[in-house]
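The values are calculated or read from the model by the stated rules, or taken from the named source; none is laboratory data. Owing to the predicted nature of the structure, the values given are computational and were not obtained by experimental measurement. Here the Cβ positions follow ideal geometry from the backbone for every residue, glycine too, while neighbour counts run over all protein chains shown. Remember, those area values only see protein heavy atoms, side chains included, never the ligands or the DNA or RNA. Shrake-Rupley method; radii C 1.70, N 1.55, O 1.52, S 1.80 Å.
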Amino acid sequence: MPIWKLHGNGRTVAPGAVVRPDERLNWPATIAIGAQHVVAMFGATFLVPTITGFPVSTTLLFSGIGTLLFLVITKNKLPSYLGSSFAFIAPVTAATASAGMGSALAGIVAVGILLALVGVVVQVAGLGWIDRLMPPVVAGAIVALIGFNLAPAAWGNFQQGPVVAGITLESIILFSVLFRGFLGRISIFLGVVVGYVTAAVLGQLDFSSVADAAWVGLPTFELANFTEPGTWSAIAMFLPVVLVLIAENVGHVRGVATMTDASANRSTGRALIADGVSTTVAGMFGGSGTTTYGENIGVMAATRVYSTAAYWVAGVVAVLLSLSPKVGAVFNSIPAGVLGGATTALYGLIGIIGIKIWVDNRVDFSRPVNQYTAAVALVMAVAGFTMSWGAFELGAIVLASAAALVIYHLGNAIARWRKTGADDGGPIPAVGPLGGDPT
């Protein structure tokens, strides 16, 4: 495992240069950048347990531990922070309601184990098989449907405090277009702060739990329960999340490789294994499932510091913060209206990320196979399709993801056999610059 060498004079980064993963600035600067990574991840990481009802402090603890595990497993070569994954919100919410928190944790553990196994295969066989299983139209549909499936949950929270929810949502949108750089990237966190202050002014906060909470103490833990009735039915709802985590981790590694060194791509398998191990450990003891965080990619791009030393600092700081029950109590006091405003934006953004996959890869939606792959999957997710056999039930995310995979692969096979031209013919040709292309 490489130990960092000092970059330049340890204080500044020359124009056009970057601090590579095996380098660092001086320790005061490294600690400051590590703290900035904590701020960047915090807004999203605390939202997941707040929305799902998991303990915030426990999730924060395993987020920090997961980051440290990630650095060890990737041999200290890949800078990344592992925060709470939004892809787990829908299955956790459904599983908790139907079978209890222990069953939801079992689903998280199952996802972690499967992701780690995928990482082992990728480390041995490469990424080609994933690209064939999940071409852009399928990957985009699965990511999008997870976000849009949560729309009713956002509306339910919004209705409980429409004034505060509206102010929160408007603040998030305003900050995203008003601020440049780092502040613009944490617009959701800033919007939640504005909503929280608004709720306080309107007398909608209950601070009793905050006053009673100790400043220092261990988080609360709960074990995954694989024996609870309905657990295995609940686990099925979690399996499509593996596809999302694969896409997120692969995208993260490619992003780091683009900005530092192409050799980072060789760590893809280890990144998947590391996220799988982190998610498994978190789910086993009561934390939320984890993923590599795009928010921290933004911090690295802004600072041009890709040193893994900063992430060791961030992981340790997250663990220390988790040891204050009072911090967790503050986040648990966030009113439903604030969450309603934030999740209206957040769940929609998850859906838009899926659509961006289609745009970036120039998916040809004049082809019937692509049309129906996306159309059927999204309608099933938004409507909340379910199928059940006795006590075993498959939720909308499972059914919609399965539909996308079956329609695409079976439809392509039939269309190519019959030579109808309905199959996926690959990306549409670019005629001049597309929206978002550099000019």
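Things worth noting here:
- Checked against (1) touching a Pro at 6+ places or on another chain (Cβ under 9 Å); (2) within 21 Å of Val398 (Cα to Cα); (3) open to solvent by 10 Å² or more (accessible area, probe 1.4 Å), Ser84 meets all criteria but (3).
- The range 193-213 residues that are within 15 Å of Val327 (Cβ to Cβ), paired with ones that are modelled with pLDDT under 90 and open to solvent by 80 Å² or more (accessible area, probe 1.4 Å) (beta carbon under 8 Å, 6 or more apart): Ser209/Asn332
- Residue in the range 196-209 that is crowded, with 22+ Cβ neighbours inside 10 Å and within 19 Å of the chain's Cα centre (by Cα) present: no
- Residue within the range 264-274 that is exposed (fewer than 15 other Cβ atoms within 10 Å of the Cβ), over 30 Å from Ser388 (Cβ atoms) and in contact (Cβ under 8 Å) with a residue 40 or more places away in the chain present: no
- Taken over the range 1-34, the criterion of being in contact with a helix residue (DSSP H, G or I) (Cβ under 6 Å, 6 or more places away or on another chain) and open to solvent by less than 50 Å² (accessible area, probe 1.4 Å) is satisfied by Pro21, Arg24, Thr30, Ile33, Gly34.
- If the condition is being in a helix (DSSP H, G or I), at pLDDT 80 or above and of a type in the set (Gly, Ala, Ser), then the range 315-349 contributes Gly315, Ala318, Ser322, Ala336, Gly337, Gly340, Gly341, Ala342, Ala345, Gly348.
- Note on the range 228-263: residues that are farther than 25 Å from Pro91 by Cβ and touching a Gly at 6+ places or on another chain (Cβ under 9 Å) amount to 1.
- Condition check for Thr373: touching a strand residue (DSSP E or B) at 6+ places or on another chain (Cβ under 7 Å), within 27 Å of Phe148 (Cβ to Cβ) and of a type in the set (Ser, Thr, Tyr): no
- Matching residues in the range 350-374 - criterion: being crowded, with 17+ Cβ neighbours inside 10 Å, part of a helix (DSSP H, G or I), modelled with pLDDT of 80 or more and among the aliphatic types (A, V, I, L, M): Ile355, Ile357, Val369, Ala374
- The range 35-88, residues that are of a type in the set (A, V, I, L, M, F, W, C), outside any helix (DSSP H, G or I) and within 25 Å of Ala104 (Cβ to Cβ): Phe54, Leu82
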